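Only one structure is covered here, and it is reproduced in the block below.
The values are calculated or read from the model by the stated rules, or taken from the named source; none is laboratory data. Since this is a predicted model, take the numbers as computed values, not measurements. Reconstructed Cβ throughout: ideal geometry from the backbone, glycine too, with neighbour counts over all protein chains shown.
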Amino acid sequence: MARKPARTYLDNAASTPVDKRVLSAMRPYFDTIYANPGGIHREGVEAEKAVAEARHRIASLLQATDDSVIFTGSGTEANNLALVGFIEALHEKGKRYSDMEVIVGAIEHPSVLEPARFLESRGVRVIRIGVSPEGLFDPQEIARALTKKTVFVSIGYVNSEIGTIAPIREIAKRIRSFRHEHDTPYPSFHTDACQAAAYLPLHVPLLGVDLLTLDAQKIHGPKGVGLLMKRRGISLAPLIRGGGQEGGYRSGTENVPGIVGFAKALALAEEGKDRRARRVAEVRDYGLREFARQVPGSFLNGSHKFRVANNINVTVPGLDGELMVLALDAEGIAASTKSACERESGPSHVLRALGLSARDASSSLRLTISPRTTRATLSHVARVIAGLRVRQQKFDR
């Protein structure tokens, strides 16, 4: 029987394969040190120690304090805890929903936009900041949107669909300036850094953020574990109540293997990060040149200069995005059109925010590569799409 060719995975923004070293670090916590960390017996203490050591390791990598790291079940949960937990904590202290304003980016991940919409239904005013045609935020526009009612700002570090990098440090500076000028602790500044972790700096003091979200599955760690880093002094109302784990912010038995794996994955992501980013960006740029050569008329969505190393998002006018994904899948290549968390059909809200027509937004293809991706693979992808377009044009005639 003929052996099937190996498949090629180009959907790393959705999830990444677990690194073998991460699996090795996790394995003892499935069948050897398997006790509930809440137990006071020796086995429970060993499990609790593993969680504490992982927390300390992650906090050190982020240059944060151990008690600032809250483990969650996903990046989505962490974003919900940040937005909803923050507003609910203020409401519990007596602040009316109608007296609070939240600022979010118009191109944020659904796990930010949907909690914002929920808060809006409670009476909170939500301001959605748009982007340039290149998918970039203007820090000054965000600064102009701040008022004395603004209590929270959430802008993603790297967009999950088009890979554009937000000027987080500049936004943080303007928020600090506003707080100083008005002698107020608000607004607090949150960033979803899930897509940035493998390629960009994560040091919290450098970024200047008050809250930061990460997800293990985006950095070759396990699924089912994320985290929210929150600066000391910030209050959050828990979304999940029960036994009071994670400092009372997230009840439920800790996912010990997942937490240990997360710490290992983040440590590995920090090793040689700059070198990895340069190498992956070189392959990415080769792929963009191949699209320009083999698929005339296709164009890149989002800024090339301010773009994470592993993201290619192109529009091929006249071709349906899902059709491109299926054609590549038949060739053994996994790709996508937009975030796997955006279940609704229709054109991407991110691409529409860039000013693309509904038709062009529906003709997009997202390729998120990894250090394993080769130039030959991206050349093959462009060739498949070029062939598909020729067939489509013949069909249209």
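Could you check segment 166-186 and list, in sequence order, the residues that are surrounded by 24 or more Cβ atoms within 10 Å (Cβ to Cβ) and touching a Lys or Arg at 6+ places or on another chain (Cβ under 9 Å)?
Matches in segment 166-186: none.
Residues are listed down the side, and each one gets a yes or a no for (1) acidic (Asp, Glu); (2) modelled with pLDDT under 95; (3) touching a Phe, Trp or Tyr at 6+ places or on another chain (Cβ under 8 Å):
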{"position": "276", "(1), (2), (3)": "no, no, yes"}
{"position": "280", "(1), (2), (3)": "no, no, yes"}
{"position": "288", "(1), (2), (3)": "no, no, no"}
{"position": "346", "(1), (2), (3)": "no, yes, no"}
{"position": "350", "(1), (2), (3)": "no, no, no"}
{"position": "357", "(1), (2), (3)": "no, no, no"}
{"position": "374", "(1), (2), (3)": "no, no, no"}
{"position": "385", "(1), (2), (3)": "no, no, yes"}
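Does residue 54 satisfy being touching a Gly at 6+ places or on another chain (Cβ under 8 Å) and more than 24 Å from residue 112 (Cα to Cα)?
Spelling it out, it is not the case that residue 54 is touching a Gly at 6+ places or on another chain (Cβ under 8 Å) and more than 24 Å from residue 112 (Cα to Cα).
Is one or more of the residues making up segment 115-134 more than 19 Å from residue 79 (Cβ to Cβ), surrounded by fewer than 19 Cβ atoms within 10 Å (Cβ to Cβ) and hydroxyl-bearing (Ser, Thr, Tyr)?
Within segment 115-134 (the criterion being more than 19 Å from residue 79 (Cβ to Cβ), surrounded by fewer than 19 Cβ atoms within 10 Å (Cβ to Cβ) and hydroxyl-bearing (Ser, Thr, Tyr)), the answer is yes, since at least one residue qualifies.
Across segment 177-212, which residue is farthest from residue 308 (Cα to Cα) among those that are of a type in the set (Gly, Ala, Ser) and in a loop (DSSP other than H, G, I, E, B)? I'd like the intermediate steps shown before the answer.
Pass one, segment 177-212, residues of a type in the set (Gly, Ala, Ser): 177, 188, 193, 196-198, 208.
If we keep only those that are in a loop (DSSP other than H, G, I, E, B) as well, we get 193, 196-198, 208.
Values: 193: 12, 196: 7, 197: 10, 198: 9, 208: 20 Å.
Per the criteria, the residue is 208.
Which of the residues that make up segment 145-170 are closer than 19 Å to residue 212 by Cα and of a type in the set (Lys, Arg)?
Result: 169, single match.
Among what's in segment 254-302 and is in a loop (DSSP other than H, G, I, E, B) and in contact with a Ser or Thr (Cβ under 8 Å, 6 or more places away or on another chain), pick the residue that is farthest from residue 166 (Cα to Cα).
Taking the candidates together, the pick is 298.
Tally time: how many residues in segment 135-163 are surrounded by 20 or more Cβ atoms within 10 Å (Cβ to Cβ) and of a type in the set (S, T, N, Q)?
Result for segment 135-163: 4.
Report the residue count in segment 61-73 for those that are in a helix (DSSP H, G or I) and loosely packed, with under 15 Cβ neighbours inside 10 Å.
Residues in segment 61-73 being in a helix (DSSP H, G or I) and loosely packed, with under 15 Cβ neighbours inside 10 Å: 2 in total.
So that you can scan it fast, the table gives a plain yes or no per residue for (1) surrounded by fewer than 17 Cβ atoms within 10 Å (Cβ to Cβ); (2) in contact (Cβ under 8 Å) with a residue 60 or more places away in the chain; (3) out of contact with any His (no Cβ under 9 Å at 6 or more places or on another chain); (4) under 21 Å from residue 232 (Cβ atoms):
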position: 7; (1), (2), (3), (4): yes, yes, yes, no
position: 20; (1), (2), (3), (4): yes, no, yes, no
position: 25; (1), (2), (3), (4): no, yes, yes, no
position: 30; (1), (2), (3), (4): yes, yes, yes, no
position: 85; (1), (2), (3), (4): no, yes, yes, yes
position: 89; (1), (2), (3), (4): yes, yes, yes, yes
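Given 76, 16, which one is assigned to a loop (DSSP other than H, G, I, E, B) and buried (at least 17 other Cβ atoms within 10 Å of the Cβ)? Steps first, please.
Values: 76 fails: assigned to a loop (DSSP other than H, G, I, E, B).
Only one candidate passes the filter, namely 16.
Is it true that some residue in segment 290-307 is within 12 Å of residue 378 (Cα to Cα), modelled with pLDDT of 95 or more and in contact with a strand residue (DSSP E or B) (Cβ under 6 Å, 6 or more places away or on another chain)?
yes
Quick one: is residue 89 small (Gly, Ala, Ser), in the same structural domain as residue 180 (by TED's automatic domain parsing) and out of contact with any Gly (no Cβ under 7 Å at 6 or more places or on another chain)?
It is true that residue 89 is small (Gly, Ala, Ser), in the same structural domain as residue 180 (by TED's automatic domain parsing) and out of contact with any Gly (no Cβ under 7 Å at 6 or more places or on another chain).
Please specify each residue of segment 204-223 satisfying the condition of being in contact with a strand residue (DSSP E or B) (Cβ under 7 Å, 6 or more places away or on another chain) and not aliphatic (A, V, I, L, M).
Once the filter is applied, which keeps residues that are in contact with a strand residue (DSSP E or B) (Cβ under 7 Å, 6 or more places away or on another chain) and not aliphatic (A, V, I, L, M), segment 204-223 yields 210, 213, 215.
Can you find a residue in segment 238-246 that is outside the structural domain of residue 306 (by TED's automatic domain parsing), surrounded by 24 or more Cβ atoms within 10 Å (Cβ to Cβ), touching a strand residue (DSSP E or B) at 6+ places or on another chain (Cβ under 9 Å) and of a type outside the set (Phe, Trp, Tyr)? Please lay out each step first, then the result.
Within segment 238-246, the subset outside the structural domain of residue 306 (by TED's automatic domain parsing) is 238-246.
Cutting the leftovers down to surrounded by 24 or more Cβ atoms within 10 Å (Cβ to Cβ) gives us none.
No, there is no match, as no residue in segment 238-246 is outside the structural domain of residue 306 (by TED's automatic domain parsing), surrounded by 24 or more Cβ atoms within 10 Å (Cβ to Cβ), touching a strand residue (DSSP E or B) at 6+ places or on another chain (Cβ under 9 Å) and of a type outside the set (Phe, Trp, Tyr).
Please note which strands (runs of 3 or more DSSP E) are completely contained in segment 98-154 and include at least 1 residues that are charged (D, E, K, R).
101-105, 125-129
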